[in-house]
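Nothing in this text is a laboratory measurement; each read-out follows from the coordinates by a stated rule. Being a predicted model, the structure only gives us computed values, none of them experimental. Quick reminder, even Gly has a Cβ in these numbers, built from the backbone with ideal geometry, and neighbours come from all protein chains shown.
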Amino acid sequence: MTASPANEPFHGLGCNSCGARLNVPPDERTARCPYCASPNIVMRPRADGEDPTFAVGFVLPDNVARERARKWIRGAWFSPGAFLRSDVTAIRGVYVPAYMFTAEAHVKYTVSIGENYVVIETYTTTDSKGRLVTRTRTKTVTEWRGLSGQWASYIDDVFVTASKGLHNTELEAIEPFDTRALKRYSPKLLSGWIAEDPSMTATQCLELARAEAVGQIGHRLSDHMPGDRHRGLKYSTQLVHEDLELILLPIWILAIKYDDESPLVRLLINGQTGALVGQPPRSWIKITVAVLAVLAAIALTVMLGTRGVL
Amino acid sequence: MNTDPSTGATEPLCQRCESPLEPEDLRCAVCALPVPISPLADVQQAVTQILRCNGCGAAVRYLAEIGAPRCDFCDSVMEIETPEDPVEQAEFFVRFAITDEQARKALKRWLGGLGFFRPSDLQSRAAVDALKPLWWVGWMFDAEGTMTWAADSNAGSRRADWAPHSGQAPLRLHNVVVPASRGLTEVECRGLIASYDISNVATQPPHHDRATFEQFAVQRSAARKIISGALEAAARNRAVPLIPGARHRKLSVAVLPTRLVSRHYAFPAYVLAYRYRDKLYRAIVHGQDATCVVGKAPISWARVAAVALAVIALIAVVATIATA
C-alpha cells in the first residue's frame, strides 16, 4: 500500500480494528471507522511535511464545550429565531495546526518623549459683577525631547495559524494558550479527535509570525518608554536565532447553518481556556422592533411628562 | 553540551541562550527555544494505527478530562511526555555557625538596641517562648547577558524637571539570592541574605538535633517565573548607577539573559518567639552571624506621643515668636 498524492483522499487505508476501507481526507491525521467506530490514527510518510513538535492537549471536555456554545447562541438576542434554535451537538474538537515562533529581538528606536511641566499663566475675565479682573491659573505644558536607544529581549509564544481554514485573527481572538501545559507531540494525543495537517507552508507562516512579533515588540517598546507620554515611535527590528515549530492547538469548532440562504456562522472555543470567538448573525427585524420600542418608550415618557402625569 | 570540570559530567545547554537544560525540559526556561527531539520513527507509507490499551487491548482515546488517553473499558491511562513539574529540593546546605544560646543572646542584644521608640524595659522583660533552628530555602542564580534601559532623570532637563535617557550595558549577575521560603517573609529573608558565607556548604543535610528543613514551596515552572522576576529586579538595580543625574523616575529595563544557572540553597536561621506583656512577637536570628537579627518588636506609643507633643509644642513656640 503506497501513499496517495497529497491532494487526494487515502482510499486504500484499512481500519486497524475491523479492516474496513477508510476514506481519509488528505489534510487530516485521524479517522473514525464508520463500521466499528474505532479511532484510527493516520501515519504518513514524512516526505510531504513534518510531524508537529508539540501539542496542547484538550482540557475542556465536550459537555462543557457544548454548554458554552449553547450559552453563546442563547445570548445572541438580536439573532434570527432559527439561529437561536441551532443544534450544538455538531461541535467538534479539532487539533488545529499552528506555528509557534520564538526569537531573540534586537531593536533600535527613535521616539519623542513628552515631559510635562506646569506654568502659571495670567488671564483676564469678568467677575460676577461684570468687572474686568486679572486672575492666574496653572497649565500643564508638554516639552518634547528626542530619544534614541536600543532594546533587546526574547520573543516567545507567538502563534500563527498553519490552516487555511482558520484565519489568524480568529486564532488571536482565542489566544492565549498556556504553554506550560505543552506536550511533546505524540499520536496518542490525537486518538479519538480530529487532527488537521498544515495547509500553509512554513515560509508563509514565518512571514506572518515575524509581522506578529514585530507588532508585539511595538507594544512592549511603548511600555518601555519614559516620560509622561510619547509619540512618533519608530523602530527597526533584527530577529536572530529564530525558531518556528509546528504545534497542534486544541479548538472546539461549531459550524452553524441555520437556514439555506444565510452564510455559515462559525464559533471557535479555545479547548484549553474556554475563550470563544464568533460573530452571531443579526436579525434586522428584531433590531428595528427593539429600536422602535425604545423610541416609543421615550415618546411615551415625554408625553406623560408634558401632561404632568409623571 | 557543557562539561563540568570537577565531575566530567556533561549537561545539555540551550543552543540559543546557553542556559543549562533540565532533562525533562521541552523548551528552554529562559528563552523558550524548543529542545531538540529524537524524531519519531520514519513512516515509509501511509498506514493507520489504533492506540490499544496495554491492559485489555481495547481501542483507547484521549480524554480531555484527564489530559491523557484512557481506556473506557478498564480505566488504564497511557502516559504522554509532558514537562515534569516537580517540587524542587535543596542541593546545598549552608552550615550553622552559632549555637542556640548565642541566638538567645543575639535576640536580647537586638531588643536592647532598637532605639528610643521601643519600651525601656523591652530587653529585660522580653522572654523567649520558643527557639526553632531551621533551614529556609532559596535559589541562587548567576546570569550573563545584555540589559537595555530607559528612564527620566534631571540630567539635561530644560523647562520640565525631567529629561529622557536610555542605555545599554552588559549584565553579569553572580550569586543573586531569590527567597523561596513559605515560613519566612520576603523582608525577613532579604534582611538575612547578605550575611551568609556560602563558601562552606554541605551537599547533604548536615546533622542538627532539632533543625527542620523547609521545602521549596513552589514547583519548577513557578520557580522559573520567580527567578525571571528577580533577574529583572536585579537588572533594575544595576541600571540605577548608569542613569545620569541625581534623581530619576520611570526606569524600565529589558533583559536578554544568557547562561542563566540557578542552584537550590538551604540557609540556616533561628526563629524565636518572644513574649512581651502577654503578646507574642517573632524574630529571626541569622544562623551564622549573631549580629544579624530581623523581626518585629513592640513600639512604645507613650514615647511616640511624647515626641509628637514636643514637636507640636516647639512648632507652636516658633510660630508665636515669628508672629510676635
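Structure values in brief
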{"quantity": "Computed lengthening from A:Lys164 to A:Glu67, 0.36 nm per intervening residue step minus Cα-Cα distance", "calculated": "32.2 nm"}
{"quantity": "Gained length - A:Val118 relative to A:Val133, 0.36 nm times residue gap less alpha-carbon distance", "calculated": "3.1 nm"}
{"quantity": "Surface/4 of the Cα convex hull for region A:206-279, nm²", "calculated": "9.1 nm²"}
{"quantity": "Pairwise centroid distance, computed over Cα atoms, of region A:279-310 with region A:76-105, Å", "calculated": "34 Å"}
{"quantity": "Neighbour-count order for A:Met200, A:Met100, A:Met225, B:Met140, fewest beta carbons within 10 angstrom listed first", "calculated": "A:Met200, B:Met140, A:Met225, A:Met100"}
{"quantity": "Charge dipole (debye, nearest 20) of chain A; +1 at Cβ of Lys and Arg, -1 at Cβ of Asp and Glu", "calculated": "1400 debye"}
{"quantity": "Neighbour count of at most 13 Cβ within 10 Å plus DSSP loop: longest chymotrypsin sites (Phe, Trp or Tyr not before Pro)-free window in chain A", "calculated": "A:78-310"}
{"quantity": "Rounded, prolate or oblate (a/c below 1.5 giving rounded, otherwise prolate when a/b exceeds b/c) for region B:122-198 by Cα gyration tensor", "calculated": "oblate"}
{"quantity": "10 °C / 1.306 mPa s Stokes-Einstein diffusion coefficient of chain A, Kirkwood radius on C-alpha pairs, µm²/s", "calculated": "64 µm²/s"}
{"quantity": "Theoretical FRET efficiency, 1/(1+(r/R0)^6), r = Cβ-Cβ of A:Ser236 and B:Asn154, R0 25 Å, to 0.05", "calculated": "0.25"}
{"quantity": "In region A:135-196, the trypsin sites (Lys or Arg not before Pro) that fall in loop regions by DSSP, at most 13 other Cβ within 10 Å", "calculated": "A:Lys164"}
{"quantity": "Kirkwood Rh in Å, taken over all unlike Cα pairs in region B:217-317", "calculated": "19.3 Å"}
{"quantity": "Translational diffusion coefficient (Stokes-Einstein; Kirkwood radius from C-alpha pairs) of region A:177-248 at 4 °C, 1.567 mPa s, in µm²/s", "calculated": "82 µm²/s"}
{"quantity": "Spin-label pair B:Arg277/B:Arg172, simplified geometry with 7 Å Cα→Cβ offset, distance in nm", "calculated": "5.3 nm"}
{"quantity": "Trypsin sites (Lys or Arg not before Pro) within region B:216-300: DSSP coil, no more than 13 neighbouring Cβ in 10 Å", "calculated": "B:Arg247, B:Arg277, B:Lys296"}
{"quantity": "Peptide A:245-254, shielding by other chains (average Cβ, 10 Å cutoff)", "calculated": "1"}
{"quantity": "Residue among A:Gly75, A:Ala98, A:Leu208 farthest towards the positive dipole end of chain A, charges placed on Cβ", "calculated": "A:Gly75"}
{"quantity": "Peptide A:151-160 - average C-beta neighbours from other chains (10 Å radius)", "calculated": "5"}
{"quantity": "Cα gyration tensor shape for region A:170-310, rounded if a/c is under 1.5, else prolate or oblate", "calculated": "oblate"}
{"quantity": "Estimated FRET transfer efficiency when R0 is 45 angstrom, pair A:Ile287-A:Thr140 (beta carbons, to 0.05)", "calculated": "0.55"}
{"quantity": "Rg [Å, one decimal], Dmax [Å, integer] - region B:274-324, C-alpha atoms", "calculated": "19.5, 60"}
{"quantity": "Tilt relative to chain A, helix A:202-224 - C-alpha long axis, 0 to 90 degrees, to 10", "calculated": "30 degrees"}
{"quantity": "Angle in degrees between helix A:62-74 and the longest Cα principal axis of chain A, rounded to the nearest 10", "calculated": "40 degrees"}
{"quantity": "Neighbour-limited loop hits for chymotrypsin sites (Phe, Trp or Tyr not before Pro), region B:86-159 (at most 10 other Cβ within 10 Å; DSSP other than H, G, I, E, B)", "calculated": "B:Phe116"}
{"quantity": "Lysine pairs meeting the criterion (Cα under 26 Å, 8 or more apart or interchain), as found in region A:158-310", "calculated": "4"}
{"quantity": "Efficiency of FRET from Cβ geometry, A:Asp228 and A:Phe78, R₀ 35 Å, rounded to 0.05", "calculated": "0.25"}
{"quantity": "When region B:92-303 is reduced to its Cα atoms, the Kirkwood hydrodynamic radius in Å", "calculated": "19.7 Å"}
{"quantity": "Residue-averaged beta-carbon neighbours from other chains (10 angstrom radius) around A:224-231", "calculated": "5"}
{"quantity": "Histogram of C-alpha separations across region A:100-143, 5 Å bin width, %", "calculated": "5, 14, 11, 11, 10, 8, 8, 7, 5, 5, 5, 4, 4, 3, 0"}
